[in-house]
Amino acid sequence: MGNKTKVGIGLIGYKFMGKAHSHAYRDLPFFFETGVVPELRAIAGRDEDGLKKAAEKMGWQSYETDWRQLLERDDIDIIDICTPNISHAEIAIAAAEAGKHLICEKPLAMSVKEAKSMLQAVKKAGVVHMICHNYRFAPAVQWAKQLIDQGRIGKINHIRAVYLQDWLVDPYSPYVWRLNKQLSGSGTHGDLAAHIIDLARFLVGEFQSVVGMMETFTKMRCSNDGMMKEVDVDDASVFLARFRNGAIGTFEATRVAGGNRNANRFEINGDKGSIRWDFENMNQLQLYLTDDPLGMQGFRTINCTESCHPYAAGYWPSGHIIGYEHTFINLAKELMDGISKGYSPSPNFEDGVNNQIVLESVEKSAQNGSWVNV
């Protein structure tokens, strides 16, 4: 790291996403040159025993059992929020007021109102801010964006996107915080549909209107203490969309699609070609072009590991694939570049607000059974 300026990270939350973010900060300087480099200063959580073990394992210099202590520390420059959705707004607004840069897991907030208050806070404070939609940063997705912007598939007519998981297909799967509306805001919709909404906005454009439905298939589940608890969030959400540029879209998110561990997929159809991507084969992008010679038409598979592909030159020789964790490293690179140069890379809190508006519009449609303007 030489004499480069170090920025202190204060991470709140240390389980799944905390682990992914910690790894990204540690590995970033190994792969990419950035104007500033992250340093793992402190991690925060409520369970001191678990917190101490996580800090030692993941390489954090210290830990705090109250996240507010991070805001008072001069050695903390960035607050990274990996907590349940209910606490995003409180932490982000307090951190912004303390002059800390911010990165927050998705969805940004529990509601549009909360999301807008978070955006207002970071703008007022003048701090750098991002939301962690890591799937944008798969090299294949970034390459798809470049091909679309170059007009290679022409005018976009249609996107179909799904995010399918199956960890709740078993009705005896235990009750967790993600099944509690008071803690999460919504279920599958905010957890998974938020990702494909963000990808659609990134690749196709802004939403105009939506109509959808949401369903809960297992109404009660058993918690770890043996008590039966009501599931008051959706197991699945499905919606149609119109975009401002005239394209249409179909979207499906579920946690009860047996055999799908993490099937985040989209297909985009234009009048000159089509693009397909499947996260479970995240290095590969499929491309079809209508001007290919007759008899040779069809989807070609592009292994996005060449040095010309976004971020790929930072890793391995061509054909040597990368994985899930590298999407976070690529995102962390953008965050460090933003802090170094004084801007908020996309996706940032503005994207978080716009994604939240789409999420909330679908919920309103599911309640009233009609189209809702975004």
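The values are calculated or read from the model by the stated rules, or taken from the named source; none is laboratory data. Being a predicted model, the structure only gives us computed values, none of them experimental. Here Cβ is always computed from backbone atoms with ideal geometry, including for glycine, and neighbour counts include all displayed protein chains. Areas reflect the complete protein model, heavy atoms only, side chains present, ligands, DNA and RNA absent. Shrake-Rupley method; radii C 1.70, N 1.55, O 1.52, S 1.80 Å.
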Point to revise | Only Lys, Arg (+1) and Asp, Glu (-1) charged, at Cβ; the range 270-369 dipole about Cα centre in debye | key: 120
Point to revise | Given charges at beta-carbon only (K, R positive; D, E negative), |dipole| of the chain in Debye | key: 440
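Per residue of the chain, what 222 nm ellipticity follows from adding -39500 (n - 2.57) for every DSSP H run with n ≥ 4, rounded to the nearest 500?
-9500 deg cm²/dmol
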Point to revise | Longest to shortest principal axis, alpha-carbon extents of the range 1-159, angstrom | key: 54, 41, 29
Review point. Any idea how far apart Gln367 and Trp177 come out in nm if each label point goes 7 Å out from Cα toward Cβ?
Key: 2.5
Check your understanding: Relative contact order, percent, of the range 128-265 when contacts are C-alpha pairs under 8 Å separated by at least 6 residues?
Key -> 35
Point to revise | 5 angstrom amide H check on Asn157, placed H, neighbours 5+ away | key: Asn269, Gly270, Asp271
Practice item. Determine, for each peptide in 254-260, 159-165, the mean count of other beta carbons within 10 angstrom over its residues, then list the peptides with the highest first. Key: 159-165, 254-260
Review point. What percentage of the solvent-accessible surface of the range 146-277, computed with a 1.4 Å probe over protein heavy atoms, is contributed by carbon and sulfur atoms?
Key: 52
**Study point:** For the range 295-307, 3J(HN,Hα) per residue [Karplus equation, 6.51 cos²θ - 1.76 cosθ + 1.60, θ = phi - 60°, Hz, x = Gly/Pro]
**Key:** x, 10, 7, x, 6, 9, 9, 9, 7, 7, 10, 7, 5
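Sorted by packing (mean other beta-carbon atoms within 10 Å per residue), highest first, where do 287-299, 233-245 land?
Result, highest mean Cβ count within 10 Å first: 233-245, 287-299.
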Point to revise | Extension gain (nm, one decimal) between Phe299 and Phe217, 0.36 nm per residue minus Cα-Cα | key: 25.9 nm
**Study point:** Gain in span if fully extended, Asp337 to Arg68, counting 0.36 nm per residue against the direct Cα distance
**Key:** 94.2 nm
Review point. Looking at this model, which pairs from Lys219/Lys364; Lys52/Lys106; Lys4/Lys106; Lys106/Lys155; Lys113/Lys364 are more than 19 angstrom apart at the alpha-carbon?
Key: Lys219/Lys364; Lys52/Lys106; Lys4/Lys106; Lys106/Lys155
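Note down the magnitude of the dipole of the range 65-123 about its Cα centre, charges +1 on Lys and Arg C-beta and -1 on Asp and Glu C-beta and zero elsewhere, to the nearest 20 debye.
Working: 7 positive and 10 negative charges, 74 e Å.
Around 360 debye, computed over the range 65-123.
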Revision key, fill the gap. Percent antiparallel among DSSP beta bridges confined to the chain, nearest 5, equals 60
Practice item. Report the residues of the range 339-374 in range of a label on Leu240: point 7 Å along Cα→C-beta, backbone N strictly under 20 Å from it. Key: 358-374
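Return a whole-number percent for the relative contact order of the chain, with Cα pairs under 8 Å and 6 or more residues apart as the contact set.
Over the chain, the number comes to 20 percent.
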Review point. By how many nm would the segment from Trp167 to Gln61 grow when fully extended, if each residue of separation counts as 0.36 nm and the alpha-carbon distance is taken off?
Key: 34.7 nm
**Study point:** Lys/Arg +1, Asp/Glu -1 at C-beta; the range 38-135 dipole; positive extreme among Met130, Ala42, Ser111
**Key:** Ser111
Exercise for review: Calculate, for the range 1-142, the solvent-accessible area per residue in square angstrom, rolling a 1.4 angstrom probe over the heavy atoms of the protein chains.
Suggested key: 43
Check your understanding: So how much accessible area does Val353 have, in Å² to the nearest 10, using a 1.4 Å probe?
Key -> 10
Check your understanding: Which order, highest average first, do 274-284, 166-176, 74-84 follow once you tally other Cβ atoms within 10 Å for each residue and take the mean per peptide?
Key -> 74-84, 274-284, 166-176
